[in-house]
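Peer 1: Once you've had a glance at the structure underneath, I'll fire off some questions.
The values are calculated or read from the model by the stated rules, or taken from the named source; none is laboratory data. Quick caveat, the model's predicted, so the values are computed rather than measured. When we count neighbours, we look across all protein chains shown, and the Cβ atoms used for this are built from the backbone with ideal geometry, even at glycine. What goes into the accessible areas is simple: the full protein's heavy atoms, side chains included, and nothing from ligands, DNA or RNA. Shrake-Rupley method; radii C 1.70, N 1.55, O 1.52, S 1.80 Å.
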Amino acid sequence: MSIPEIAAKIRAGGRVDASDARALYLGAPTALLGRLADEIRARKHPGRTVTYIIDRNVNYTNVCVARCNFCAFYRPVGARDGYVLAFEEIFRKIDGTLAVGGEQLLLQGGHNPDLPLEWYEDLFRAVKARYPALRLHALSPPEVLHLSRLSRLPVGEVIGRLVAAGLDSIPGGGAEILVDRVRRLLNCHSKATADEWIGVMREAHVAGLRTTATMMYGSVETPEERLEHLFRLRALQDETGGFTAFIAWSYQPEHTELAGVEATAVEYLRTLATARIVLDSFDNLQASWVTQGGKVGQLSLAFGANDMGSVMIEENVVRAAGASYCMDEVEIVRNIEDAGFVARRRNMHYQILGEPFFRTVPVPRRFGLDVARTGDGFDEPAELAGYAARTRAARQRREAAAAPQATAGTRPEAPAPE
Ligand code: SF4
């Protein structure tokens, strides 16, 4: 089919196949791609509303055994600048989130072999006991798989236990490109193959959880492999309907083992528009201002995005690889309204929560995102002394910490709600 024929098919509500998508992605003028994507956005969201969420992106540990070569965030076991956040530190971050109108915590971290499943369950229970209305959008599919392997329990059982402890939804991180050739080159094949990532999401959807889907493009994959990724997501969405949204971001090469160069803004906009066209069974596409900056983020609203993502408050992973954009709620709303849309706060399910929070309650401006930790040196939270560790270094640390006060292996009480 020619590009005009494919465009006519899309405008008539038809579905593109792999060959249509390839022809468009590689050959259509950028302006046409944008127009087609914008028309789909307008059909799906006719009220000119663009949404965003106020939540905080908390990375509970940077210690990770997966060692993806595109990641500048992780530290190996035993590193001096490795960290695990204490429950009390996480509570302080939640307090700060609630104060600026937030209603959700996005909680993700490294594959730390010294944090057993019980630590996550206790954390989730403690959070829910203290903040019953807060939503926990936590643990990407590779983290769930890591816990399944660590605990020797099936993925479905791990998800069930996490849900019983307070998990509300699962973020779509760790997808990178869902093609095993690419995953081997990125050294992320062993953390989760493409089938395993899809499998965790399928189990989550079957269990009734809603999740997001992501794509990190611009490292070593071909354009065809990006499209293969999109079609794998579309197939699962057709099967379960469990994805609430899709988010694409470009690989950030600074300080990574893989290195390389970052994709350009035009490549981002073409990828976003193509995703909007292919993912016709997805309701929502987010703009990735975190990797593209506010100006390209705003332009995304003309290339298929109907959501500006999260106010975020804190970010550690992308910043470690060189991107340090910040937009507080005032700035996100300014960008949405300046593009001719109506800005509305939402939750993870894309239900509208209301007007911008700062217009109802005075909130101090923020001109930089927080980080997980400001100090250096590994200081382990005292509460870890009661959890089983796998590495020798952690076992020794925990035994030393537990010796004066408790019998080793007796888990301390989770902090009581106030
Ligand atoms: S991307 Fe995630 S899993 Fe991979 S090394 Fe970084 S923290 Fe670990």
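Peer 1: For region 332-354, give me each residue that is open to solvent by less than 90 Å² (accessible area, probe 1.4 Å) and assigned to a loop (DSSP other than H, G, I, E, B).
Peer 2: ALA339, GLY340, PHE341, ASN347, MET348, HIS349, TYR350
Peer 1: Of VAL261, VAL266, VAL296, which residue is surrounded by fewer than 23 Cβ atoms within 10 Å (Cβ to Cβ), among the β-branched types (Val, Ile, Thr) and closer than 22 Å to ILE53 by Cβ?
Peer 2: Of VAL261, VAL266, VAL296, the one residue that is surrounded by fewer than 23 Cβ atoms within 10 Å (Cβ to Cβ), among the β-branched types (Val, Ile, Thr) and closer than 22 Å to ILE53 by Cβ is VAL296.
Peer 1: Among helices (runs of 4 or more DSSP H) lying entirely in region 87-171, which contain 3 or more residues that are of a type in the set (Phe, Trp, Tyr)?
Peer 2: Per the criteria, 117-130.
Peer 1: Quick one: how many residues across region 1-22 are farther than 15 Å from GLU267 by Cα and open to solvent by 20 Å² or more (accessible area, probe 1.4 Å)?
Peer 2: 15
Peer 1: Here is a check on your reading of the model: is ASP114 in contact with a Phe, Trp or Tyr (Cβ under 9 Å, 6 or more places away or on another chain), within 16 Å of the ligand (Cβ to nearest atom) and among the charged types (D, E, K, R)? Please lay out each step first, then the result.
Peer 2: Values: in contact with a Phe, Trp or Tyr (Cβ under 9 Å, 6 or more places away or on another chain): yes; within 16 Å of the ligand (Cβ to nearest atom): yes; among the charged types (D, E, K, R): yes.
In short, yes.
Peer 1: Got a number for residues in region 237-247 being in contact with a helix residue (DSSP H, G or I) (Cβ under 7 Å, 6 or more places away or on another chain) and surrounded by 19 or more Cβ atoms within 10 Å (Cβ to Cβ)?
Peer 2: Going through region 237-247 one residue at a time, the tally reaches 3.
Peer 1: Same structure, new question: For a quick check of your reading of the model, give me the residue pairs whose first member lies in region 249-263 and is among the β-branched types (Val, Ile, Thr), whose second is part of a loop (DSSP other than H, G, I, E, B), with beta-carbon atoms closer than 8 Å and at least 6 apart or on different chains.
Peer 2: Correct list of pairs: THR256/ASN69; THR256/PHE70; THR256/CYS71; THR256/ALA72; THR256/ALA321; VAL261/PRO253.
Peer 1: Among (1) at negative phi; (2) more than 16 Å from the ligand (Cβ to nearest atom), where does GLY173 come up short?
Peer 2: (2)
Peer 1: Something else now. Inspect region 306-319 for any residue being within 16 Å of the ligand (Cβ to nearest atom), assigned to a helix (DSSP H, G or I) and either open to solvent by less than 30 Å² (accessible area, probe 1.4 Å) or farther than 21 Å from SER140 by Cβ (or both) and give the result as yes or no.
Peer 2: Among the residues of region 306-319, at least one is within 16 Å of the ligand (Cβ to nearest atom), assigned to a helix (DSSP H, G or I) and either open to solvent by less than 30 Å² (accessible area, probe 1.4 Å) or farther than 21 Å from SER140 by Cβ (or both), which makes the answer yes.
The rows are residues; the columns are (1) away from the ligand (no atom under 16 Å from the Cβ); (2) open to solvent by less than 50 Å² (accessible area, probe 1.4 Å).
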| position | (1), (2) |
| --- | --- |
| LEU186 | no, yes |
| ALA207 | yes, no |
| MET216 | no, yes |
| LEU230 | yes, yes |
| ALA235 | yes, no |
| TRP249 | no, no |
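Peer 1: Looking only at region 47-62, filter to residues that are of a type outside the set (Val, Ile, Thr) and open to solvent by less than 20 Å² (accessible area, probe 1.4 Å); which one of those is farthest from the ligand (Cβ to nearest atom)?
Peer 2: Per the criteria, the residue is TYR52.
Peer 1: So for region 204-217 (the condition being within 21 Å of LEU105 (Cβ to Cβ) and part of a helix (DSSP H, G or I)), does at least one residue qualify?
Peer 2: Yes, there is a match, as at least one residue in region 204-217 is within 21 Å of LEU105 (Cβ to Cβ) and part of a helix (DSSP H, G or I).
Peer 1: Can you tell me which residue in region 63-81 is farthest from the ligand (Cβ to nearest atom), limited to those that are part of a loop (DSSP other than H, G, I, E, B), in contact with a Phe, Trp or Tyr (Cβ under 9 Å, 6 or more places away or on another chain) and under 17 Å from THR391 (Cβ atoms)?
Peer 2: Going through region 63-81, the residues part of a loop (DSSP other than H, G, I, E, B) turn out to be 64-74, 76-81.
From the residues that got through so far, the ones that are in contact with a Phe, Trp or Tyr (Cβ under 9 Å, 6 or more places away or on another chain) too are 64-68, 70, 78-81.
Still in the running and under 17 Å from THR391 (Cβ atoms): 64-67, 78-81.
Working: CYS64: 3, VAL65: 8, ALA66: 4, ARG67: 5, GLY78: 15, ALA79: 12, ARG80: 17, ASP81: 14 Å.
Checking each candidate, the answer is ARG80.
Peer 1: Among the residues of region 92-104, are any open to solvent by 10 Å² or more (accessible area, probe 1.4 Å), under 20 Å from the mean Cα position of the chain (by Cα) and within 14 Å of the ligand (Cβ to nearest atom)?
Peer 2: Looking through region 92-104, none of the residues is open to solvent by 10 Å² or more (accessible area, probe 1.4 Å), under 20 Å from the mean Cα position of the chain (by Cα) and within 14 Å of the ligand (Cβ to nearest atom).
Peer 1: Test ILE177 against the criterion of being in a loop (DSSP other than H, G, I, E, B) and of a type in the set (Val, Ile, Thr), and give yes or no. Talk me through it step by step, then tell me what you get.
Peer 2: Working: in a loop (DSSP other than H, G, I, E, B): yes; of a type in the set (Val, Ile, Thr): yes.
Judged against the criteria, ILE177 is a match.
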